[in-house]
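Chemist: The following block contains the structure, expressed as structure tokens.
The values are calculated or read from the model by the stated rules, or taken from the named source; none is laboratory data. Being a predicted model, the structure only gives us computed values, none of them experimental. Glycine gets a Cβ as well: all are built from the backbone with ideal geometry, and neighbour counts include every protein chain shown. SASA here: full protein model, heavy atoms, side chains in, ligands and nucleic acids out. Shrake-Rupley method; radii C 1.70, N 1.55, O 1.52, S 1.80 Å.
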Amino acid sequence: CIKANAKSCGECIQAGPNCGWCKKTDFLQEGEPTSARCDDLAALKSKGCPLEDIENPRGSKQVLENREVTNRKKGAAEKLRPEAITQIQPQKLVLQLRVGEPQTFSLKFKRAEDYPIDLYYLMDLSYSMKDDLENVKSLGTALMFEMEKITSDFRIGFGSFVEKTVMPYISTTPAKLRNPCTGDQNCTSPFSYKNVLSLTSEGNKFNELVSKQHISGNLDSPEGGFDAIMQVAVCGEQIGWRNVTRLLVFSTDAGFHFAGDGKLGGIVLPNDGKCHLENNVYTMSHYYDYPSIAHLVQKLSENNIQTIFAVTEEFQAVYKELKNLIPKSAVGTLSSNSSNVIQLIIDAYNSLSSEVILENTKLPKGVTISYKSFCKNGVNDTQEDGRKCSNISIGDEVRFEINVTANECPKKEQNETIKIKPLGFTEEVEINLQFICECQCQSEGEPNSPACHEGNGTFECGACRCNEGRIGRLCECSTDEVNSEDMDAYCRRENSTEICSNNGECICGQCVCKKRENTNEVYSGKYCECDNFNCDRSNGLICGGNGICKCRVCECFPNFTGSACDCSLDTTPCMASNGQICNGRGTCECGTCNCTDPKFQGPTCEMCQTCLGVCAEHKDCVQCRAFEKGEKKDTCSQECMHFNMTLVESRDKLPQPGQPDPLSHCKEKDVDDCWFYFTYSVNSNGEANVHVVETPECPSGPDIIPIVAGVVAGIVLIGLALLLIWKLLMIIHDRREFAKFEKEKMNAKWDTVS
């Protein structure tokens, strides 16, 4: 919004959908340009512009005509006129568009049951279609019978075509003009297009007139069918088209001529797309060229005609390509003698009517439209596929969500009308586009207002819009005075040579501060000496994110102070576990404890490396008061009365963690080597409370008898073991001695013998 440099409210709201204009008279700071009134809504509010002074017109939609879609069953007693049947809703609405803000509306389409149908059968009567003509002669009543299953209001017409009546398309010799066929074949004179039967509900009349038709002939293979299609499309009165479903069946066994082919016959004038039927015959075929495919598409679409190409197998590929160029058209394969034409028409009609495609007229410059479809079975699509729904049966209802956006205001600021309709249907939605290009306050402006320096401008929307030749915030200068050196003197600070502090330009003796690339950064002040981005920073943020930079000085939020608003006045971070600020041993400065007792440190002055713990510190006093023993037994009443003591029966009765006051659980040993348990806590009033288990846990003495018995038993067992070992050793020694004796005895016997 700021970058738009809007000089008026109208320019501002055209800059974007989120831009607003502050019309409060004293909104601008000194040095700020008029364009600073234009900003996004949140920024205007933060700068102090009241909500009621912000011009921010919004777009809207208004439905003017909204008839419900028709719910009617086939065979109902009530016979509705075609124009009384509604298949599309709404029918007319007004959209007020603001630049960049889309307006959305919902369009509903429902295929009405028993909807009237007009079908015109256009047939190639060149000689190759001779056998086909015989089958078509009875088409009227047979087709009426089949179509009665679809609608009770059906009309049928018939037309025929051959070729342009000039060389080289036909032979222009007198004999060939009378009978273009060879041999004894009796053919009618060649013609371009003939409306044989206008649309009628009398099937017998169709049979009667078609039976009187005769085949004709031409020289080249492509036919002049495009001339005939154009006349059928534009000659609505002669053909008898109603505002109902319009079907054109184009039956041929050959290709087609198109724009440019007429040069072969010396015809160079482009087809004019107008009706030239005299006595139901096209009379200007020799004067106008064949129409182009695009021209045909335009006229068929304008007149809501859906085309069915009934062609032979040989030309299927050609006409399928043509179908891709003509919306709401179908191609069917015609048998060699047209015997299957009725089924072909029924199938093609069902195919065409099962698909709805929305199209819109030409959009005004700068206006865009988008579609989103909500079709059967939960199928949704956007972009180009959002324009259509397929597989729609009679009675099915589909919905489209349509967005219309204006990307710029029209130069003339005039209203525009666009129309949206389903292809092949006569019904349409008419949309009147009204553009919001000015603010309401501009219409309330005061021309030649005294507020604009003696009437040199119009005072509107809180600012002056200067008359031609006048400039300045209040239109106080003429353009001739702008570059005067006398004016520049008003834009310099005392004892300074810089004009507008080099942060702006001097216009009409007043500084208009320049804009920064970052639209949140603003110069201000009489001499543009102030800004909101050159204040002290903390943690990379201006004013530490805890204040507002005004004229290079931080204005801190509550609970913050300092040049960069980086000093917090909140003492919560300094609160120690005992509920005291900095544990009573320091001061809280900018949210951090400054410990005054050198023994204590840490974030809350609770850490003391040389101090005893709470338990060890109070052990002797608890022991003397609870059990009347210990080192302080004799001085207990003097040194140990600084806490309240409560005796409890067991450890389970001691206070447990979770209470509001900080709590320490202690286990200490007394002079008798017994363990005693206590808790120490300090409440919010600074009072110490001690809870002590009344009975210490002392170790029990040894059981003498088992010990003595064990010792005696051990000694006996050891003695027996030693005795057994000695006995074993003696047995081993005796056996060795006996073995030695036996050996010596044997030696003695040997000596006696010798």
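Chemist: So for region 641-660 (the condition being in a loop (DSSP other than H, G, I, E, B) and touching a helix residue (DSSP H, G or I) at 6+ places or on another chain (Cβ under 9 Å)), does at least one residue qualify? Before the answer, list the steps.
Modeler: Pass one, region 641-660, residues in a loop (DSSP other than H, G, I, E, B): 641-642, 649-650, 654-660.
Narrowing the set further to residues that are touching a helix residue (DSSP H, G or I) at 6+ places or on another chain (Cβ under 9 Å) leaves 641-642.
The answer is yes, given that some residue of region 641-660 is in a loop (DSSP other than H, G, I, E, B) and touching a helix residue (DSSP H, G or I) at 6+ places or on another chain (Cβ under 9 Å).
Chemist: On to the next question. Quick check: is even one residue across region 380-387 small (Gly, Ala, Ser) and without any contact (Cβ under 8 Å) to a residue 40 or more places away in the chain? Quick ask: steps written out before the conclusion?
Modeler: Start the filter on region 380-387 by keeping residues that are small (Gly, Ala, Ser), which leaves 386.
Narrowing further to those that are without any contact (Cβ under 8 Å) to a residue 40 or more places away in the chain: 386.
The answer is yes; a qualifying residue exists.
Chemist: Name every residue in region 79-108 that is open to solvent by 50 Å² or more (accessible area, probe 1.4 Å), closer than 17 Å to Ser152 by Cα and part of a loop (DSSP other than H, G, I, E, B), in order of residue number.
Modeler: Listed by number, the residues that qualify are Lys79, Arg81.
Chemist: Anything in region 382-411 that is open to solvent by less than 40 Å² (accessible area, probe 1.4 Å) and more than 22 Å from Gly366 (Cα to Cα)? List them, or say none. First the steps, then the outcome.
Modeler: Taking region 382-411 as the starting set, the residues that turn out to be open to solvent by less than 40 Å² (accessible area, probe 1.4 Å) are 386, 389, 392, 395-396, 398, 400, 402, 404-406, 409-410.
Cys389, Ile392, Gly395, Asp396, Val398, Phe400, listed by residue number.
Chemist: Within the bounds of region 507-527, is there any residue that is assigned to a loop (DSSP other than H, G, I, E, B), farther than 27 Å from Cys441 by Cα, in contact with a Phe, Trp or Tyr (Cβ under 9 Å, 6 or more places away or on another chain) and open to solvent by less than 40 Å² (accessible area, probe 1.4 Å)?
Modeler: Yes, the conditions are met somewhere in region 507-527.
Chemist: So which residues in region 129-151 are surrounded by fewer than 18 Cβ atoms within 10 Å (Cβ to Cβ) and assigned to a helix (DSSP H, G or I), if there are any at all?
Modeler: Of everything in region 129-151, those that are surrounded by fewer than 18 Cβ atoms within 10 Å (Cβ to Cβ) and assigned to a helix (DSSP H, G or I) turn out to be Lys130, Asp131, Glu134, Asn135, Thr141, Ala142, Phe145, Glu146.
Chemist: Among the listed residues Ile345, Ile357, identify the single one that is open to solvent by 30 Å² or more (accessible area, probe 1.4 Å), aliphatic (A, V, I, L, M) and either within 17 Å of Arg399 (Cβ to Cβ) or assigned by the TED database to the domain that holds Gly140 (or both). Give the derivation first.
Modeler: On the way: Ile345 fails: open to solvent by 30 Å² or more (accessible area, probe 1.4 Å).
Just a single option satisfies the conditions, and that option is Ile357.
Chemist: Considering only strands (runs of 3 or more DSSP E) fully contained in region 375-474, which possess at least 3 residues that are over 25 Å from the mean Cα position of the chain (by Cα) and not assigned by the TED database to the domain that holds Lys365? Give the derivation first.
Modeler: Numbers: elements: 380-382, 397-406, 416-422, 429-436, 457-460, 463-466.
Where strands (runs of 3 or more DSSP E) fall fully within region 375-474 and carry at least 3 residues being over 25 Å from the mean Cα position of the chain (by Cα) and not assigned by the TED database to the domain that holds Lys365, they are 457-460, 463-466.
Chemist: Any residue at all in region 296-308 that's in the same structural domain as Met147 (by the TED database), under 18 Å from Met129 (Cα atoms), modelled with pLDDT of 90 or more and hydrophobic (A, V, I, L, M, F, W, C)? Walk me through how you get there before you give the answer.
Modeler: Step one: filter region 296-308 for residues in the same structural domain as Met147 (by the TED database), giving 296-308.
Of the ones still in play, those that are also under 18 Å from Met129 (Cα atoms) are 308.
Then drop every residue that is not modelled with pLDDT of 90 or more, which leaves 308.
Checking the rest, the ones that are also hydrophobic (A, V, I, L, M, F, W, C) come to 308.
The answer is yes, given that some residue of region 296-308 is in the same structural domain as Met147 (by the TED database), under 18 Å from Met129 (Cα atoms), modelled with pLDDT of 90 or more and hydrophobic (A, V, I, L, M, F, W, C).
Chemist: Which of the residues belonging to region 15-28 are touching a helix residue (DSSP H, G or I) at 6+ places or on another chain (Cβ under 8 Å) and either more than 18 Å from Arg465 (Cα to Cα) or part of a helix (DSSP H, G or I) (or both)? Spell out how you get there, then give the answer.
Modeler: Initially, region 15-28 is screened for residues touching a helix residue (DSSP H, G or I) at 6+ places or on another chain (Cβ under 8 Å), giving 15-16, 18-24, 27-28.
Answer for region 15-28, where residues must be touching a helix residue (DSSP H, G or I) at 6+ places or on another chain (Cβ under 8 Å) and either more than 18 Å from Arg465 (Cα to Cα) or part of a helix (DSSP H, G or I) (or both): Ala15, Gly16, Asn18, Cys19.
Chemist: Would you confirm whether or not region 54-71 contains a residue that is more than 30 Å from Asn415 (Cβ to Cβ) and at pLDDT below 85?
Modeler: Applying the first criterion (more than 30 Å from Asn415 (Cβ to Cβ)) to region 54-71 yields 70-71.
Okay, now just the ones that are also at pLDDT below 85, so 70-71.
Looking for residues that are more than 30 Å from Asn415 (Cβ to Cβ) and at pLDDT below 85, one finds at least one in region 54-71, hence yes.
Chemist: Report the residue count in region 190-229 for those that are in a loop (DSSP other than H, G, I, E, B), among the polar types (S, T, N, Q) and at pLDDT 85 or above.
Modeler: To start, the set of residues in region 190-229 that are in a loop (DSSP other than H, G, I, E, B) comprises 190-192, 201-202, 212-222, 224.
Applying the additional criterion that residues be among the polar types (S, T, N, Q) yields 192, 201, 213, 216, 218, 221.
Adding the requirement that they be at pLDDT 85 or above leaves 192, 201.
Qualifying residue count, region 190-229: 2.
Chemist: Out of curiosity, is Lys323 in the same structural domain as Thr245 (by the TED database), under 22 Å from Leu300 (Cβ atoms) and open to solvent by 30 Å² or more (accessible area, probe 1.4 Å)?
Modeler: Details: in the same structural domain as Thr245 (by the TED database): yes; under 22 Å from Leu300 (Cβ atoms): yes; open to solvent by 30 Å² or more (accessible area, probe 1.4 Å): yes.
Yes.
Chemist: What are the pairs with Cβ atoms under 6 angstrom where one residue, in region 348-377, is within 15 Å of Ile305 (Cα to Cα) and the other, located anywhere, is open to solvent by 60 Å² or more (accessible area, probe 1.4 Å)? Sequence gap at least six, or different chains.
Modeler: Close Cβ pairs satisfying both conditions: Ile357/Lys388.
To keep it simple, each residue is scored yes or no on (1) farther than 22 Å from Cys605 by Cβ; (2) part of a strand (DSSP E or B); (3) outside the structural domain of Glu687 (by the TED database); (4) touching a Phe, Trp or Tyr at 6+ places or on another chain (Cβ under 9 Å).
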{"site": "Gly544", "(1), (2), (3), (4)": "yes, no, yes, yes"}
{"site": "Cys549", "(1), (2), (3), (4)": "yes, yes, yes, yes"}
{"site": "Glu555", "(1), (2), (3), (4)": "yes, yes, yes, no"}
{"site": "Pro558", "(1), (2), (3), (4)": "yes, no, yes, no"}
{"site": "Ala564", "(1), (2), (3), (4)": "yes, no, yes, no"}
{"site": "Gly579", "(1), (2), (3), (4)": "no, no, yes, no"}
{"site": "Asn583", "(1), (2), (3), (4)": "no, no, yes, yes"}
{"site": "Thr587", "(1), (2), (3), (4)": "no, yes, yes, no"}
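Chemist: Do you know which of the residues in region 605-643 that are among the aliphatic types (A, V, I, L, M) and under 30 Å from Glu589 (Cα atoms) is modelled with the highest pLDDT?
Modeler: Checking each candidate, the answer is Val614.
Chemist: Could you grab me the full set of residues in region 528-542 that are in contact with a Gly (Cβ under 6 Å, 6 or more places away or on another chain) and in a strand (DSSP E or B)?
Modeler: Of region 528-542, the ones in contact with a Gly (Cβ under 6 Å, 6 or more places away or on another chain) are 528, 538.
Of everything in region 528-542, just one residue is in contact with a Gly (Cβ under 6 Å, 6 or more places away or on another chain) and in a strand (DSSP E or B), namely Ser538.
Chemist: Any residue in region 171-186 that is under 22 Å from Lys212 (Cα atoms) sitting within a Cβ distance under 8 Å of a residue that is surrounded by fewer than 12 Cβ atoms within 10 Å (Cβ to Cβ)? List the pairs, counting only those 6 or more apart or interchain.
Modeler: Qualifying pairs under 8 Å: Asn179/Asn186.
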